[in-house]
Amino acid sequence: MGHSAVYPGTFDPLTIGHFDLIQRAAGIFDRLVVAVAVHSRKRTAFTIEERVEMTRQAVRDFTNVEVAPFDRLLVDFVRMRRIHVVVRGLRAFSDFEYEFQMALTNRKLAPEIETLFLMPKESYSYISSSAVRELAEFGGDARGFVPKAVLPFLRRKFGGGDDH
Ligand code: COA
């Protein structure tokens with residue numbers, strides 16, 4: 001069956017930082033499941049269907065990447081898939097406390113699951129979904145912040161220029 005991992009997130013929207021991480025993880029693992037959280041602590045701008053669809057379109061060239069929504073505890077989803085590794089990104093020191101808390105909570109719930117941290121390309125380390133949403137809301141150009149496949153989703157949600 002090979003080695004598999006789950007990369008979970010809200011992806012509201014998927015950014016090039018997320019995409020960079022998917023690319024790295026897909027190069028390490030035989031199979032990667034990008035798990036899109038139906039319910040997040042945050043109120044999302046995009047529906048779960050939109051977040052799954054934009055992610056699917058962005059990763060369609062990877063033969064070993066699957067995109068699936070999840071609506072339960074992350075560890076339950078990972079167990080259900082018989083996977084033992086969760087991948088998360090660490091962009092900067094400021095991510096650490098939140099990630100540390102989440103990884104240790106998940107470890108307490110499911111000691112057999114390891115969280116593995118990867119660093120996105122340093123030039124993407126300042127990019128966040130909320131900054132992209134704000135930029136799009138005010139009519140800014142999101143090219144260079146999200147994969148090309150995500151641009152039409154931003155335009156439909158917030159309006160703005162073409163995708164070229
Ligand atoms: N590139 C760009 N941005 C990144 C990034 C990267 N590589 N890694 C993280 N981010 C940013 C996102 O843009 C987002 O920014 P924002 O807060 O400004 O919008 C933020 O970091 C985190 O978003 P995301 O990467 O989508 O993940 P998340 O933190 O929203 O995901 C879940 C959290 C869904 C994994 C977590 O809440 C979960 O597991 N929920 C299920 C319930 C559960 O099991 N709870 C117990 C666990 S403690």
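The values are calculated or read from the model by the stated rules, or taken from the named source; none is laboratory data. Since we're looking at a predicted model, the values are computed, not measured. Every residue, glycine among them, receives a Cβ derived from its backbone with ideal geometry; neighbour counts consider all protein chains shown.
Quick notes
- When region 96-106 is limited to residues that are surrounded by 15 or more Cβ atoms within 10 Å (Cβ to Cβ) and without any contact (Cβ under 8 Å) to a residue 24 or more places away in the chain, the one that is farthest from residue 24 (Cα to Cα) turns out to be 102.
- Given (1) over 21 Å from residue 19 (Cα atoms); (2) surrounded by 14 or more Cβ atoms within 10 Å (Cβ to Cβ), index of the condition residue 109 fails: (2)
Yes/no per residue for (1) at pLDDT 95 or above; (2) not in a helix (DSSP H, G or I):
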{"site": "33", "(1), (2)": "yes, yes"}
{"site": "42", "(1), (2)": "no, yes"}
{"site": "45", "(1), (2)": "yes, yes"}
{"site": "55", "(1), (2)": "yes, no"}
{"site": "62", "(1), (2)": "yes, yes"}
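- Taking region 85-95 as the range and being away from the ligand (no atom under 12 Å from the Cβ) and either under 21 Å from residue 124 (Cα atoms) or not β-branched (Val, Ile, Thr) (or both) as the test, only 93 passes.
- Residues that are touching a residue at least 40 places away in the same chain (Cβ under 8 Å) and not hydrophobic (A, V, I, L, M, F, W, C), drawn from region 119-129: 120, 121, 124, 125, 128, 129
- Sole residue being crowded, with 17+ Cβ neighbours inside 10 Å, among the basic types (Lys, Arg) and either over 26 Å from residue 150 (Cβ atoms) or within 11 Å of the ligand (Cβ to nearest atom) (or both), chosen from 41, 51, 82: 51
- Residue 127 outside any strand (DSSP E or B) and within 13 Å of the chain's Cα centre (by Cα): yes
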